[in-house]
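Structure first, commentary second.
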Amino acid sequence: MKKFRGTGVAIVTPFKNDSSIDFAAMGRIIDHVIKGGVNYIVAMGTTGEAPTLTKDEKQAILSYVTEAINSRVPLIAGIGGNNTQEIINCIRQLDLSGVDGILSVAPYYNKPGQRGLLQHFKAIATCSPLPVIIYNVPGRTGSNISADTTLELAHECENITGIKEASGDMAQIMKIIRGKPENFQIISGDDMLTIPIIASGGSGVISVLANAWPAECGELVNHVLKNNLKQAREIHFRFLDIIELLFIDGNPSGIKAIMSVMNLCKNNLRLPLVPVSKNVQARIQKAVEDMR
């Protein structure tokens, strides 16, 4: 799990004007973030609009991303949902050659309780040939993986090796850090909370912002890991307004707007997501120009 320490980036899935996957843009983005110094890449996560991808598209993305990365950094594949058996089927059916780990979000919409969450992730861990990182993001899923549930999974399931925490609940996150096994990683799932989570004992971040500014995100994370908090704060405060702009009209609408201004990909999303409003687009345009 040391390979997932530091700065991970949840890459977008770029689309052409006809909504097909823009693999050429995906290759540019992969080169951009690797040259920027990210430690690993996450494909087909929330930022990658995974719910709108077909099974064939997911396999095509994994195959392309694996080839484009060419072993330069580790790769995590997002494989999650609210149908436990379908996730297991997906893990078994996908060609995971070149993939180093799986990120699996808490089930959404059907809102399982803690016992259901526990059994859900235990079932995934049992069938997965790769390390599993669970993903807690109650703002999207409608259910929170409690500290007690996370710790039970961490201690009982050898194959569950970390959690991407985006609950925003620092008390909960610190309880997990206090009680976790030594090799279990707490990864920030929120660019705004990267500093406090790592400073409390977390191992890094899976970042949205790093799609556009990988070098700066990596520098911030490395400073916090080395307890250089003054330098980390200086970088964070430079990006404070931009991080807010990322999420005003939802993710990945914000980051795709930024990346289109930077000519990394087109500003295309799949329904039900749509581009940011004209007002937010204008603010993003100015923010990117100011950063330059």
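The values are calculated or read from the model by the stated rules, or taken from the named source; none is laboratory data. Being a predicted model, the structure only gives us computed values, none of them experimental. Positions of Cβ are generated from backbone atoms using ideal geometry, with glycine treated the same way; all protein chains shown enter the neighbour counts.
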Run down I76, I87 and say which single residue is within 24 Å of V221 (Cα to Cα) and either of a type in the set (A, V, I, L, M) or assigned to a loop (DSSP other than H, G, I, E, B) (or both).
-> I76
For region 134-178, enumerate the residues that are touching a Lys or Arg at 6+ places or on another chain (Cβ under 6 Å) and closer than 20 Å to G8 by Cα.
-> Y135
Which condition number does N228 fail, the rest of (1) out of contact with any His (no Cβ under 9 Å at 6 or more places or on another chain); (2) buried (at least 20 other Cβ atoms within 10 Å of the Cβ) being met?
-> (2)
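Let's see how each residue does on (1) under 18 Å from the mean Cα position of the chain (by Cα); (2) not in a helix (DSSP H, G or I):
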residue: H155; (1), (2): no, no
residue: S167; (1), (2): yes, yes
residue: I187; (1), (2): yes, yes
residue: V221; (1), (2): yes, no
residue: N227; (1), (2): no, yes
residue: K230; (1), (2): no, no
residue: E244; (1), (2): yes, no
residue: C265; (1), (2): no, yes
The residue from F247, F239, F184 that alone is more than 19 Å from N136 (Cα to Cα) and modelled with pLDDT of 95 or more is F239
Could you tell me which numbered condition I258 fails, if it satisfies all but one of (1) farther than 25 Å from V73 by Cα; (2) touching a residue at least 40 places away in the same chain (Cβ under 8 Å)?
-> (1)
From I235, I197, I177, residue being outside any loop (DSSP other than H, G, I, E, B), surrounded by 21 or more Cβ atoms within 10 Å (Cβ to Cβ) and not basic (K, R) = I197
Please find, within region 134-168, the residue that is surrounded by the most Cβ atoms within 10 Å (Cβ to Cβ) out of those that are in contact with a strand residue (DSSP E or B) (Cβ under 6 Å, 6 or more places away or on another chain) and of a type in the set (S, T, Y).
-> T150
Cβ-Cβ below 9 Å, separation at least six or inter-chain, first residue in region 73-100 and under 24 Å from G142 (Cβ atoms), second acidic (D, E) and in a loop (DSSP other than H, G, I, E, B): which pairs?
-> I76/D100; A77/D100
Condition met for N82 (part of a loop (DSSP other than H, G, I, E, B), under 30 Å from V274 (Cα atoms) and at pLDDT below 95) | no
Of (1) among the β-branched types (V, I, T); (2) touching a Ser or Thr at 6+ places or on another chain (Cβ under 8 Å); (3) surrounded by fewer than 17 Cβ atoms within 10 Å (Cβ to Cβ), T52 satisfies every one except (2)
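Tally the residues that are in a helix (DSSP H, G or I), of a type in the set (V, I, T) and either under 14 Å from the mean Cα position of the chain (by Cα) or closer than 24 Å to S203 by Cβ (or both), restricting the search to region 30-59.
If we filter region 30-59 for residues that are in a helix (DSSP H, G or I), which is where we start, we get 30-35, 50-52, 55-59.
After this cut, where a residue has to be of a type in the set (V, I, T) as well, the list is 30, 33-34, 52.
Still in the running and either under 14 Å from the mean Cα position of the chain (by Cα) or closer than 24 Å to S203 by Cβ (or both): 30, 33-34.
Residues in region 30-59 being in a helix (DSSP H, G or I), of a type in the set (V, I, T) and either under 14 Å from the mean Cα position of the chain (by Cα) or closer than 24 Å to S203 by Cβ (or both): 3 in total.
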